[in-house]
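The values are calculated or read from the model by the stated rules, or taken from the named source; none is laboratory data. It should be emphasised that the depicted structure is a prediction, and the values quoted were computed from it without experimental measurement. Glycine gets a Cβ as well: all are built from the backbone with ideal geometry, and neighbour counts include every protein chain shown.
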Amino acid sequence: MKKEANATLKIVPLGGLEQIGMNITAFCYEDSIIVVDCGLKFPDDDMLGVDLVIPDVTFLKDNIDKVKGFVITHGHEDHIGAIPYILKDIKVPVYGTKLTIALIESKLKEHNMMKEVKRKVVKYGQSISLGDFRVEFIRTNHSIADAAALAIYSPAGTVVHTGDFKVDYTPVDGDPIDLPRLGEIGKKGVLALMCDSTNAIRPGFTMSERTVGATFDKIFADNKNSRIIIATFASNVDRVQQIINTAIKYDRKVCVEGRSMVNIIEVAQDLEYLKFPEGTIIETEEMKNYNPEQIVLITTGSQGESMAALSRMAANIHRKVSIIPGDCVVFSSTPIPGNEKSVSKVINELGMKGAKVIFQDTHVSGHACQEEIKLIYSLVRPKYSIPVHGEYRHLIAQKELVMGLGYDKQDVIIAKSGDIIELSEKEAKIVGKAPVGEVMVDGLGVGDIGNIVLRDRQNLAENGIIIVVLTFERNSGQLIAGPDIVSRGFVYVRGAEELLDEARLIVEDSVQKCIDNRISDWGKIKNIIKDDLSEFLWKKMKRNPLILPIIMEANL
């Protein structure tokens, strides 16, 4: 692609900075916009009842005529999870490697969007042209197969986006990361490198995925007389392959539990990313035909998620599998920050049921540590550094690392989601702000829950609700029935008759006050009841329940 003098490229991260998850970045050059990744994040503890959180893409909707396509680095939820929601409004093609597109297609089928969304499988080394951009897919290693880095060529220069990556010289399946190609691109001149920061605070190198295989071998050898249950990330196809390989070696049958695990294993098997002899995997119902020591169960729930298969087994509410004393349960993952409590709870529940729990040396990260990040910088040799994918502390750790390689402070851009970064040969700077935010998905509702609804849910969760029901005569405005008081989550009614009787008297006084002052506006009556009852309950109980007065009218 021909480079133009004084051309400028704009990069707009719409999510994925200051947090792990919800990765989505727009690249803008004149009348062309391409979008890298389209991920979701899982809700925070205070987002009560919310299922998923997806990025606000107002910026893309406002520039919809310029958007040429979505280019996806790999198939993890934080990179593809929002696609069915976002592409309902922004109908452009999606490009990715074979497994990535297959996982996207399984999502589109769920949402009945296969006809609406065009998909294109791209091979490593292949380039696609989208408006003023050309994008090349480069092989990398990660904790899911078919991960890619992207070389994004524009008239303003080349940007290399690593996606999530690590340098694995001995991957379980496929080839190592294509370091020679990254070096070739670096020699031709790279304007900016957007590099994964997730492990930037960790020194050294990330261990190869193969090292986990050796650990599994030891666990199987040490627990020959136990049923083995292994919880891992469903998307880690190489990890699943190693578990199956070890199971075959020790003559065990494999069962699979958890919807996402079953789905991904089906997709990976269809594409021949998972290989094993027929009859290796059996249905869970068939486990009763074998002794426990002949079984390996691969399951979801390594993060302690309350509805995942392992958590339900630990809590004795799984329909097909019960934990039995002597089971060996292996957690083949590290808790994501924030999940430590949930994981501990599941480990304790498993221990109480007589299971042996193993969680040391059973996992390696899919993200590059400091030495690998340095290696990528030394190969790509970018003019500017834009750390991505991580919390603020991870981005800063990469900045310090890069400055240690001789980069000036002004050449490392620490951006926030929504910052509009302008790049040219002369300088890199933040020139404005795009609208960004979090859109909450609850059931079939997308974006219909905001801060006010969450605040009400929080209030209901913390303080409960009191409903006051009153009936007025239409013509005279006299109270003819009630007040009846219904309480949920505030006090146990049978033990609080006296309190509720007093509350009823307070409401009667409030209503009488309104009648005496000839107040007939229902809104005002409701507010007076709320204020008086709230003041009484605070003085009496030091609690603030949500108070909901309901007024009805009747003809006599």
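Does residue 200 satisfy being touching a Leu at 6+ places or on another chain (Cβ under 9 Å), closer than 30 Å to residue 382 by Cβ and not hydroxyl-bearing (Ser, Thr, Tyr)?
yes
I'm trying to understand the selection: among the residues of segment 183-209, which are more than 28 Å from the chain's Cα centre (by Cα) and in a loop (DSSP other than H, G, I, E, B)?
The answer is 189, and nothing else.
If you go through segment 57-110, how many residues are under 15 Å from the mean Cα position of the chain (by Cα) and of a type in the set (Asp, Glu)?
2
Since residue 68 meets every condition but one in (1) assigned to a loop (DSSP other than H, G, I, E, B); (2) touching a residue at least 12 places away in the same chain (Cβ under 8 Å); (3) among the basic types (Lys, Arg), which condition does it not meet?
(1)
I need every pair where a residue in segment 412-426 that is not assigned by TED's automatic domain parsing to the domain that holds residue 156 has its Cβ under 8 Å from the Cβ of a residue that is charged (D, E, K, R) and surrounded by fewer than 20 Cβ atoms within 10 Å (Cβ to Cβ), sequence separation at least 6 or different chains.
If the second residue must be charged (D, E, K, R) and surrounded by fewer than 20 Cβ atoms within 10 Å (Cβ to Cβ), no pairs are left.
Every residue in segment 91-117 that is surrounded by fewer than 16 Cβ atoms within 10 Å (Cβ to Cβ), touching a residue at least 24 places away in the same chain (Cβ under 8 Å) and in a loop (DSSP other than H, G, I, E, B), please.
91, 93, 111, 116
Is it the case, given these coordinates, that residue 188 is touching a helix residue (DSSP H, G or I) at 6+ places or on another chain (Cβ under 9 Å), surrounded by fewer than 18 Cβ atoms within 10 Å (Cβ to Cβ), touching a residue at least 24 places away in the same chain (Cβ under 8 Å) and under 24 Å from residue 29 (Cα atoms)?
For residue 188, the condition - touching a helix residue (DSSP H, G or I) at 6+ places or on another chain (Cβ under 9 Å), surrounded by fewer than 18 Cβ atoms within 10 Å (Cβ to Cβ), touching a residue at least 24 places away in the same chain (Cβ under 8 Å) and under 24 Å from residue 29 (Cα atoms) - is not met.
Filter segment 135-182 down to residues that are outside any strand (DSSP E or B) and among the β-branched types (Val, Ile, Thr), then give me how many there are.
Within segment 135-182, residues that are outside any strand (DSSP E or B) and among the β-branched types (Val, Ile, Thr) number 7.
Listed residues 307, 313; which is more than 27 Å from residue 211 (Cα to Cα) and at pLDDT 90 or above?
One residue alone meets the criteria, 313.
Quick check: is even one residue across segment 365-374 closer than 26 Å to residue 164 by Cα and either among the acidic types (Asp, Glu) or surrounded by fewer than 14 Cβ atoms within 10 Å (Cβ to Cβ) (or both)?
Within segment 365-374, one or more residues are closer than 26 Å to residue 164 by Cα and either among the acidic types (Asp, Glu) or surrounded by fewer than 14 Cβ atoms within 10 Å (Cβ to Cβ) (or both).
Within the group 71, 50, which residue is of a type in the set (Val, Ile, Thr), surrounded by 24 or more Cβ atoms within 10 Å (Cβ to Cβ) and either farther than 24 Å from residue 126 by Cα or at pLDDT 95 or above (or both)?
71
Do you know which residues across segment 123-140 are crowded, with 21+ Cβ neighbours inside 10 Å and either closer than 30 Å to residue 375 by Cβ or of a type in the set (Lys, Arg) (or both)?
The answer is 130, 133, 135, 137, 138, 139, 140.
When you go through (1) among the aliphatic types (A, V, I, L, M); (2) surrounded by 15 or more Cβ atoms within 10 Å (Cβ to Cβ); (3) at pLDDT below 95 one by one for residue 194, which number turns out not to apply?
It fails just one condition, (3).
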